[in-house]
1. State the dimensionless ratio Rg/Rh of segment 568-677 (Rg: radius of gyration of Cα atoms; Rh: Kirkwood radius).
2. Sort the following peptides by mean Cβ neighbour count (other Cβ atoms within 10 Å, averaged over residues), highest first: 277-286, 110-119, 78-87.
3. Distance between the C-alpha centers of segment 134-161 and segment 531-568? Whole Å please.
4. By how many nm would the segment from residue 387 to residue 489 lengthen if fully extended, with 0.36 nm per residue of separation less the alpha-carbon distance?
5. For the chain, calculate the relative contact order in percent as a whole number, restricting contacts to Cα pairs under 8 Å that are 6 or more residues apart.
6. Kindly express, to the nearest 10 degrees and within the range 0 to 90, the angle between helix 432-442's C-alpha long axis and the longest C-alpha principal axis of the chain.
7. Let me know the shape class of segment 318-435, please: from the alpha-carbon gyration tensor, a ≥ b ≥ c as square roots of the eigenvalues, rounded when a/c is under 1.5, otherwise prolate if a/b is greater than b/c, or oblate.
8. Using packing as a proxy for protection, rank 38-46, 354-362, 393-401 so that the peptide with the highest average count of other Cβ atoms within 10 Å comes first.
């Protein structure tokens with residue numbers, strides 16, 4: 001009985017472990033089984049519906065109420081979409097008894113009620129106005145009480161709970177201003193550690209949210225980042241209205257890689273989670289390395305990952321303003337034009353003649369030149385008087401500081417290069433150290449989030465904002481993401497491309513985002529993977545196999561199953577008529593009716609994989625052999641071998657088989673194998689032009705450490721191409737419907753994709769996950785995304 005209930009609960013979407021957990025409560029499991037029967041057979045179950053039905057069962061606990069089917073129907077058809085609504089519907093159901101009325105139930109449970117973000121803000125504002133005097137007196141100490149009170153406001157009963165805290169925080173900032181010493185709360189003594197063996201709350205991977213824990217969970221709120229000039233914070237908050245403002249600022253000098261996906265998710269995702277906005281800002285200050293193809297690719301990758309920039313800006317948008325601030329830096333005594341050579345600058349910074357650091361530092365001989373002279377020289381730089389390397393603008397910081405970021409950094413240099421957007425207007429270009437913090441300031445960034453290699457840059461970042469008397473954003477640093485067993489260096493990847501080791505920057509064996517997209521990796525799989533890792537200040541070094549495991553898990557939930565034969569072997573079933581046809585209905589994903597099914601013709605001639613036939617049987621081999629029948633997936637009866645035709649080498653070329661279709665003699669086979677029929681009527685099989693099997697590009701976990709260089713570590717078998725593979729004709733149905741955009745277990749990572757070859761994904765049964773290659777054109781060319789499992793043995 002227990003196994004039947006587990007099977008029943010699994011049919012509506014519960015994992016076996018969850019189903020068995022439900023069984024522990026006899027009353028709840030009894031109610032759930034009853035409710036599933038009431039729902040009927042024609043339900044397209046998803047996680048929301050199954051969760052709500054289980055919630056109703058926990059309320060009923062074996063109780064049998066009249067009209068409970070009406071509540072079940074409202075869950076199934078989507079009128080009830082939250083546990084609160086189901087709870088209210090249950091309360092009405094219990095109170096109404098014989099007087100039950102569907103419209104009254106819907107009214108009681110908020111069906112169709114829409115509460116917008118504006119409605120939430122207006123109601124909370126009205127409440128704060130009613131307690132304004134007390135609120136302004138108790139200030140931020142009262143915020144938790146306000147939050148609790150507004151959650152109980154009748155007009156907000158059906159509002160999304162996620163809207164309350166961001167709105168209260170934003171209005172608190174508006175009414176009270178930034179926190180100050182009045183809001184400092186004394187720390188309470190630490191609570192005792194729980195007793196050994198005591199239960200503690202733990203989050204599952206599914207529940208984990210990287211924006212509420214670790215590095216991101218500890219970040220300041222807008223308005224709390226310190227300022228040397230407090231009045232600038234007031235101006236900042238007038239513009240942002242207390243919202244989170246972030247930016248993703250890539251340099252358009254190469255293609256983004258897997259590490260950048262973490263930066264994209266951190267910046268766009270953090271802003272989105274807190275109801276804020278995120279810029280896509282191209283840091284286009286190095287025209288010598290920038291190309292339009294990189295600009296286009298960056299935007300394409302950001303959108304592919306499911307994010308929409310609030311605004312798209314360019315550092316070059318601010319070149320005029322940056323130049324004005326550079327002159328201001330000179331006139332206030334904080335910058336000077338220097339004519340030192342690169343070698344002389346290294347010496348000034350303590351680099352010894354042998355290249356080792358730690359020597360005595362000393363100022364440049366140009367450091368104390370008169371302000372008017374530096375200003376004139378800087379304008380000569382602007383006007384093209386100097387060749388590159390003959391003059392630079394340096395910030396006048398502290399050459400004796402222990403931090404290298406204070407050793408008179410370069411602010412401007414001469415470059416004789418045409419800019420992609422400004423043309424030939426400029427002969428000088430600002431550096432990253434000068435540009436980054438100031439453009440963050442111009443754009444009112446509340447959280448300037450970057451990786452830890454920029455940790456030391458925080459000091460110069462804040463110094464420059466302060467000496468120029470501009471709003472100072474808060475730079476905060478998190479650990480970057482590295483995958484082992486591959487390379488991320490633009491220079492090294494370029495060598496692989498230019499010397500023909502790979503097909504291009506989007507070769508599926510690489511880990512650029514364009515490569516992963518071409519390989520067929522769903523964007524939601526990347527986000528889900530990053531979310532499970534979390535965000536800390538430590539660099540995350542992860543094996544590529546762990547990433548592939550996350551991709552495999554995502555694909556398992558979101559792709560249909562098809563039968564594809566990599567190495568076909570023809571089977572003629574001699575005891576079937578030439579025109580024999582039996583349509584076999586096969587679900588696209590067993591246990592997931594929302595994927596639908598297809599009918600595959602079982603005919604006299606079928607194809608199996610060569611690996612599914614052997615001349616002799618061993619104890620661990622269960623597939624087809626002369627003395628061992630086998631089942632064909634979903635075909636009613638087994639087949640057995642009658643005789644085998646072979647080529648000159650003795651390899652099988654055709655199997656003559658018998659269909660064992662006598663019900664009285666039928667025995668369950670040891671295993672089932674996949675197959676593809678031959679049928680002119682159904683245009684089967686579908687011939688595949690190429691199946692590209694991509695393996696690891698490098699042999700070791702650290703290719704760069706190879707004594708002969710990373711090229712010597714290349715795996716010669718990193719790509720295998722199969723030319724004879726076939727697939728069932730249902731592939732064309734999947735191709736026409738793609739992208740299927742099936743929901744993942746965590747809806748946060750169910751990214752809707754636009755049509756594209758790489759979105760035609762499927763699981764080839766017993767083989768792996770595949771997609772169409774983007775350059776396939778009218779041909780059928782498959783890329784393997786990942787294997788079914790790390791050990792793919794079929795026996």
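Only the coordinates and a few stated rules stand behind these numbers; no lab work does. This structure is a prediction, so every number in the text was calculated from the model and none was measured. As a convention, Cβ positions derive from the backbone with ideal geometry for all residues, glycine included, and neighbour counts pool all protein chains shown.
1. Working: Rg = 14.5 Å, Rh = 14.8 Å.
Rounded to two decimals, Rg/Rh equals 0.98.
2. Numbers: 277-286: 22.6, 110-119: 13.1, 78-87: 18.2.
Ranking, from highest mean packing down: 277-286, 78-87, 110-119.
3. Each part's Cα centre sits 42 Å from the other's.
4. Details: separation 102, 0.36 × 102 = 36.72 nm, distance 3.01 nm.
Difference between extended and current length: 33.7 nm.
5. Details: 1340 pairs, mean separation 71.2, N = 795.
Relative contact order here is 9 percent.
6. On a 0 to 90 degree scale, this one is about 80.
7. Numbers: a/c = 1.91, a/b = 1.59, b/c = 1.21.
Here segment 318-435 falls in the prolate category.
8. Details: 38-46: 13.7, 354-362: 10.6, 393-401: 18.4.
Descending mean neighbour count gives 393-401, 38-46, 354-362.
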